[in-house]
Amino acid sequence: MALLLALALLTQQPSELALTHVTVIDIASGARAPGSTVLISGSRISAVGPADAVRIPAGARRVDGGGRFVIPGLWDMHVHLSMIGRSSLALFLANGVTGVRDMGGHPTRATSWRDSTARGLIAGPRILAAGPIVERGNWLRAVKELSRKLGQPNLIAEIDRRLSLDSVSDGARAVDSLARLGVDFIKIRNFPSPAVYFAFARAARSHGLTISGHSPPPSMTGQVSDSGFGSFEHGFIDFVDQKLVGGFDAMPPAERASLFARFARNGTAYDPTLISTTARFIPDTAVERMIADTAGTSRPGLRYASPAVRGEWREQLALRAADSPTDWNPIYQSERRDVREMWAAGVLILSGTDVPVVTLIPGFSLLDELELLVKEGGMTPLAALAASTRNPAKVMGLADSLGLVAPGYVADLVILDRDPTADISAVRGLHAVVRNGRLLTRQDLDRLREEGKR
């Protein structure tokens with residue numbers, strides 16, 4: 001079914017598509033150009049300009065935008081595809097997410113889907129995949145033992161797939177393994193000692209692979225950024241007096257400003273995944289009700305949470321029960337502060353979710369994250385849009401082909417009913433999507449939503 005739907009949606013369309021009477025938003029400057037025509041030839045934008053300046057070839061498919069707003073396709077920069085299944089790809093696309101960065105899991109699943117979506121065999125977003133996650137060896141062993149005690153076979157299998165860093169020599173071995181798998185970048189989760197990490201980073205650079213992942217101990221953060229680190233994921237955490245605290249809470253504001261300016265100079269981005277922290281505030285009993293709510297009575301998006309996603313939520317609830325109680329409110333306030341200060345310092349902020357953290361739904365939760373970047377992170381709507389379009393393209397080395405509505409760029413586009421630079425919640429008013437030059441109408445997107453919940 002998914003293959004047939006993909007072929008029906010992504011093939012047998014005219015090679016040229018003209019979006020007329022649209023307002024094009026320039027993510028780089030914030031300028032809006034009403035009355036524009038966007039001409040797409042194959043998978044690329046061939047012309048953008050006023051209606052009288054763009055010649056539409058005979059035979060091109062014309063779509064009257066009715067004054068609607070065109071932005072680049074959105075990216076969720078932190079997902080775990082192998083945990084939520086192939087059907088999630090349709091759900092991302094149905095919400096205007098035309099690209100995802102898979103932050104680690106099964107060795108070949110995400111790369112296989114990456115190649116199939118690129119060939120048009122599966123309807124879904126572009127995928128950049130990390131393959132197996134790299135971890136500190138003693139952490140892996142401890143979690144595996146806990147998983148045995150809790151009877152979590154799926155987690156044990158996942159832990160066994162991860163690559164451990166125990167010694168300096170492990171770095172080259174891990175990078176060689178990942179390079180053979182054809183990954184697009186490397187994800188690290190728990191940091192080893194500085195000597196082990198920096199040997200690992202040198203090996204990654206020798207293969208032309210960027211490392212992104214969780215934050216290191218605060219004392220290492222600046223040096224890790226200097227090593228060419230791609231993006232720090234989630235909040236910065238430290239362990240003080242037997243409790244978790246914000247990693248930069250003890251740092252004077254001037255010192256934080258200097259560190260964040262260092263990130264900006266190095267091009268190290270920050271992907272706060274605020275939505276994944278807010279999910280920690282939902283009581284277990286409420287999560288259990290949401291898992292059972294297949295009709296979406298408590299939250300409309302819940303009706304699209306697939307059995308695979310709900311299964312992940314159940315396993316995470318079991319792990320919650322074994323975890324030490326933590327007051328996440330102060331940590332969340334630190335994360336909010338860090339987003340505000342990093343954005344002010346010129347750090348590239350990214351939009352990611354960490355789907356499938358409990359209650360987070362593919363596609364839908366990326367729209368929630370964009371709203372949080374504005375409401376909690378103090379960013380402007382335009383800056384939040386850049387966090388999901390232009391900034392991901394820069395971090396992934398694709399800024400010459402993605403992230404703008406401009407001639408020569410790949411035609412991954414979102415058409416919205418309202419202006420998202422005036423109100424970020426307008427990203428929820430999705431009228432149509434263009435994926436690699438192929439138009440997906442509102443009816444197509446509705447069918448993809450139904451496909452995505454299976």
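Among what's in the range 284-316 and is of a type in the set (A, V, I, L, M) and surrounded by 15 or more Cβ atoms within 10 Å (Cβ to Cβ), pick the residue that is nearest to Phe92 (Cα to Cα).
Checking each candidate, the answer is Ala305.
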For a quick check of your reading: which helices (runs of 4 or more DSSP H) sit entirely within the range 374-454 and have at least 3 residues that are under 30 Å from Gly230 (Cα atoms)? 381-387, 390-395
What is the residue count in the range 329-373 for residues that are under 22 Å from Gln316 (Cβ atoms), more than 12 Å from the chain's Cα centre (by Cα) and part of a loop (DSSP other than H, G, I, E, B)? 5
Contact list please: Cβ distance under 6 Å, first residue in the range 337-349 and on the phi > 0 side of the Ramachandran plot, second residue at pLDDT below 95 and hydrophobic (A, V, I, L, M, F, W, C), pairs at least six apart or on different chains. none
Looking at Phe198, Phe191 in this structure, which one is over 23 Å from Gly235 (Cβ atoms) and among the aromatic types (Phe, Trp, Tyr)? Phe198
Among residues of the range 34-80 being touching a Gly at 6+ places or on another chain (Cβ under 7 Å) and of a type in the set (Ser, Thr, Tyr), the residue surrounded by the fewest Cβ atoms within 10 Å (Cβ to Cβ) is Ser43
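Quick check on my filter: what residues within the range 299-340 are of a type outside the set (A, V, I, L, M) and under 22 Å from Ala142 (Cβ atoms)? Spell out how you get there, then give the answer.
Our first condition is that a residue be of a type outside the set (A, V, I, L, M); within the range 299-340, this holds for 299-301, 303-304, 306-307, 310-316, 320, 323-330, 332-338, 340.
Listed by number, the residues that qualify are Glu312, Glu315, Gln316, Arg320, Asp323, Ser324, Pro325, Thr326, Trp328.
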From Ala261, Ala254, residue being exposed (fewer than 14 other Cβ atoms within 10 Å of the Cβ), part of a helix (DSSP H, G or I) and at pLDDT 95 or above: Ala254
So, first residue at pLDDT 95 or above in the range 30-52, second residue among the aromatic types (Phe, Trp, Tyr) and assigned to a strand (DSSP E or B), Cβ within less than 9 Å, six or more apart or across chains; the pairs are Arg32/Phe69
Being in a loop (DSSP other than H, G, I, E, B), touching an Asp or Glu at 6+ places or on another chain (Cβ under 9 Å) and among the hydrophobic types (A, V, I, L, M, F, W, C), is that true of even one residue in the range 83-100? no
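Here are Met396, Met379: which of them is buried (at least 18 other Cβ atoms within 10 Å of the Cβ), more than 17 Å from the chain's Cα centre (by Cα), of a type in the set (A, V, I, L, M) and under 30 Å from Arg189 (Cβ atoms)?
Details: Met396 fails: more than 17 Å from the chain's Cα centre (by Cα).
After ruling out the rest, the residue left standing is Met379.
Quick check on Gly363: is it more than 22 Å from Leu17 (Cα to Cα), buried (at least 23 other Cβ atoms within 10 Å of the Cβ) and touching a Phe, Trp or Tyr at 6+ places or on another chain (Cβ under 9 Å)?
Working: more than 22 Å from Leu17 (Cα to Cα): yes; buried (at least 23 other Cβ atoms within 10 Å of the Cβ): yes; touching a Phe, Trp or Tyr at 6+ places or on another chain (Cβ under 9 Å): yes.
The answer is yes for Gly363.
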Just one of Asp76, Asp115, Asp64, Asp26 is among the acidic types (Asp, Glu), over 23 Å from Arg310 (Cα atoms) and in contact (Cβ under 8 Å) with a residue 60 or more places away in the chain; which is it? Asp26
Please go through (1) in contact with a helix residue (DSSP H, G or I) (Cβ under 7 Å, 6 or more places away or on another chain); (2) surrounded by fewer than 19 Cβ atoms within 10 Å (Cβ to Cβ) for Pro153 and return the number of the only condition it doesn't satisfy. (1)
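Residues that are without any contact (Cβ under 8 Å) to a residue 24 or more places away in the chain, surrounded by fewer than 21 Cβ atoms within 10 Å (Cβ to Cβ) and under 15 Å from Ile45 (Cβ atoms): does the range 400-410 have at least one?
Residues of the range 400-410 that are without any contact (Cβ under 8 Å) to a residue 24 or more places away in the chain, as a first pass: 400-401.
This time we only want the ones that are surrounded by fewer than 21 Cβ atoms within 10 Å (Cβ to Cβ), so: 400-401.
Next, only the ones that are under 15 Å from Ile45 (Cβ atoms) stay: 400-401.
For the range 400-410, residues without any contact (Cβ under 8 Å) to a residue 24 or more places away in the chain, surrounded by fewer than 21 Cβ atoms within 10 Å (Cβ to Cβ) and under 15 Å from Ile45 (Cβ atoms): present.
Report, by residue number, each residue of the range 223-245 that is farther than 19 Å from Gly352 by Cβ, assigned to a strand (DSSP E or B) and in contact (Cβ under 8 Å) with a residue 24 or more places away in the chain. So that I can check it myself, show each step before the final result.
Of all residues in the range 223-245, those farther than 19 Å from Gly352 by Cβ come to 223, 226-228, 238-245.
Checking the rest, the ones that are also assigned to a strand (DSSP E or B) come to 238-240, 243-245.
Answer for the range 223-245, where residues must be farther than 19 Å from Gly352 by Cβ, assigned to a strand (DSSP E or B) and in contact (Cβ under 8 Å) with a residue 24 or more places away in the chain: Lys243, Leu244, Val245.
The values are calculated or read from the model by the stated rules, or taken from the named source; none is laboratory data. These numbers were taken from a predicted model, which means no experiment stands behind them. Cβ atoms come from the backbone with ideal geometry, glycine included; neighbour counts cover every protein chain shown.
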